[in-house]
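**Student:** Can you read through this structure? Questions will come right after.
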Amino acid sequence: MGAGDPQDLVVKIRRSVLDGHFAAGQRLVEAELCDLYQVSRSTVRQALRELVADGLVEVQRNKGARVRVISTAEAVEITEVRMVLEGLLAAKAAERVTPEQAGRLLKIKEAMRERVAAHDPLAYSELNAALHGLVQEIAGQVTARTILVRLQGQLVRHQFRLSLQPGRSAVSLGQHERIVDAVVARDAAGAEAAMREHLRDVITQITQISQATTPPVEVAAPAGS
């Protein structure tokens, strides 16, 4: 078994959380991670320390590391921060978008329409994440995007539950269409407003889902809003 690269392991564990292979609250046993990723225990420990700093993992006394569970209240706070950052990125994307990038955005928008018509929320959720990622890529604002990567990992399971709500994809589609149309039109103010409107609605829906669930949910599964 090789020592392994801690940074590479961080990426792999984070991806496993985002893909739903590691559930919220699931213990991350060092020996099992060593076997799974074929790395040394010191590499696992270093990677877990970084994931703790990112807020994706927590260490409990006498129980070890586990995937951190995000409460509804914290999910709302994180989404409020996302609203500011992603609004900025949407505005930057509108200022910097190229014709080729605009074409890619429009293709994703069309694919999202098709998935809504086909009643396929999981595929729609993947396209949703791709759209947000492309807007961030076009914006070229590295600092904001780096912060968002950390926040997104913490929110992923709230967003998964939201994406599976009946009729959610159809509502979300209209919001994403307005984002794309504003970016493609190079309307920075419109793009920022559309992104903020979308994430404000995400906050409303997360809160409503929590209130309708007994007992109050603390969930952390694929992203989509």
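**Student:** State all residues of segment 39-55 that are open to solvent by 10 Å² or more (accessible area, probe 1.4 Å) and under 19 Å from L148 (Cα atoms); if no residue qualifies, say none.
**Tutor:** E50, V52, A53, D54, G55
**Student:** Which members of segment 112-144 meet the condition of being of a type outside the set (G, A, S) and outside any helix (DSSP H, G or I)? Working first, answer last.
**Tutor:** Applying the first criterion (of a type outside the set (G, A, S)) to segment 112-144 yields 112-116, 119-122, 124, 126-128, 131-132, 134-138, 141-143.
Result: H119, D120, Q141.
**Student:** Taking V97 as the residue in question, decide whether it is more than 24 Å from H176 (Cβ to Cβ) and surrounded by 19 or more Cβ atoms within 10 Å (Cβ to Cβ).
**Tutor:** For V97, the condition - more than 24 Å from H176 (Cβ to Cβ) and surrounded by 19 or more Cβ atoms within 10 Å (Cβ to Cβ) - is not met.
**Student:** Restricting attention to segment 69-102, which residues are among the hydrophobic types (A, V, I, L, M, F, W, C) and either touching a Pro at 6+ places or on another chain (Cβ under 7 Å) or not in a helix (DSSP H, G or I) (or both)?
**Tutor:** Those that are among the hydrophobic types (A, V, I, L, M, F, W, C) and either touching a Pro at 6+ places or on another chain (Cβ under 7 Å) or not in a helix (DSSP H, G or I) (or both): V69, I70, V97.
**Student:** Which of the residues belonging to segment 23-38 are of a type in the set (A, V, I, L, M, F, W, C) and either open to solvent by 30 Å² or more (accessible area, probe 1.4 Å) or within 15 Å of the chain's Cα centre (by Cα) (or both)?
**Tutor:** Matches in segment 23-38: A23, A24, V29, A31, L36.
**Student:** Could I ask something else about it? Exactly one condition in (1) buried (at least 18 other Cβ atoms within 10 Å of the Cβ); (2) not in a helix (DSSP H, G or I) is not met by E58; state its number.
**Tutor:** Among (1) buried (at least 18 other Cβ atoms within 10 Å of the Cβ); (2) not in a helix (DSSP H, G or I), the lone unmet condition for E58 is (1).
**Student:** Moving on. Among the residues of segment 103-121, write down those that are over 18 Å from Q175 (Cβ atoms) and more than 22 Å from the chain's Cα centre (by Cα).
**Tutor:** Those that are over 18 Å from Q175 (Cβ atoms) and more than 22 Å from the chain's Cα centre (by Cα): G103, A118.
**Student:** From the list G140, G87, exactly one residue is open to solvent by less than 70 Å² (accessible area, probe 1.4 Å) and more than 17 Å from Q175 (Cβ to Cβ). Which is it?
**Tutor:** G140 is the lone residue from the list that is open to solvent by less than 70 Å² (accessible area, probe 1.4 Å) and more than 17 Å from Q175 (Cβ to Cβ).
**Student:** Please go through segment 168-194 and pick out each residue that is within 22 Å of T98 (Cβ to Cβ) and among the hydrophobic types (A, V, I, L, M, F, W, C).
**Tutor:** Our first condition is that a residue be within 22 Å of T98 (Cβ to Cβ); within segment 168-194, this holds for 176-192, 194.
Matches in segment 168-194: I179, V180, A182, V183, V184, A185, A188, A189, A191, A194.
**Student:** Given the options V76, V44, name the one that is out of contact with any strand residue (DSSP E or B) (no Cβ under 6 Å at 6 or more places or on another chain) and either small (G, A, S) or farther than 30 Å from Q205 by Cβ (or both).
**Tutor:** Step by step, each of V76, V44 is checked, and only V44 is out of contact with any strand residue (DSSP E or B) (no Cβ under 6 Å at 6 or more places or on another chain) and either small (G, A, S) or farther than 30 Å from Q205 by Cβ (or both).
**Student:** Next up: Answer yes or no: is there a residue in segment 214-223 that is modelled with pLDDT under 95, assigned to a helix (DSSP H, G or I) and open to solvent by 60 Å² or more (accessible area, probe 1.4 Å).
**Tutor:** No, the conditions are met nowhere in segment 214-223.
**Student:** In segment 1-52, how many residues are part of a helix (DSSP H, G or I) and on the phi > 0 side of the Ramachandran plot? Give the derivation first.
**Tutor:** From segment 1-52, those part of a helix (DSSP H, G or I) are 6-18, 30-37, 41-52; that's our starting set.
Then drop every residue that is not on the phi > 0 side of the Ramachandran plot, which leaves none.
Number satisfying all stated conditions: 0.
**Student:** Of everything in segment 51-84, what is among the acidic types (D, E) and modelled with pLDDT under 90? Give them in sequence order.
**Tutor:** Listed by number, the residues that qualify are D54, E58, E74.
**Student:** Moving on. Between residues in segment 173-191 that are under 18 Å from L85 (Cα atoms) and assigned to a helix (DSSP H, G or I) and residues that are acidic (D, E) and open to solvent by less than 50 Å² (accessible area, probe 1.4 Å), which pairs lie under 7 Å by C-beta distance while being six or more apart or on different chains?
**Tutor:** So the pair list comes out as Q175/D201.
The values are calculated or read from the model by the stated rules, or taken from the named source; none is laboratory data. Predicted, not measured: the structure shown is a model, and the values here were computed from it. Cβ coordinates were reconstructed from backbone atoms using ideal geometry, including for glycine residues, and neighbour counts include every protein chain displayed. Accessible surface is based on the protein model in full, side chains and every heavy atom, while ligands, DNA and RNA are left aside. Shrake-Rupley method; radii C 1.70, N 1.55, O 1.52, S 1.80 Å.
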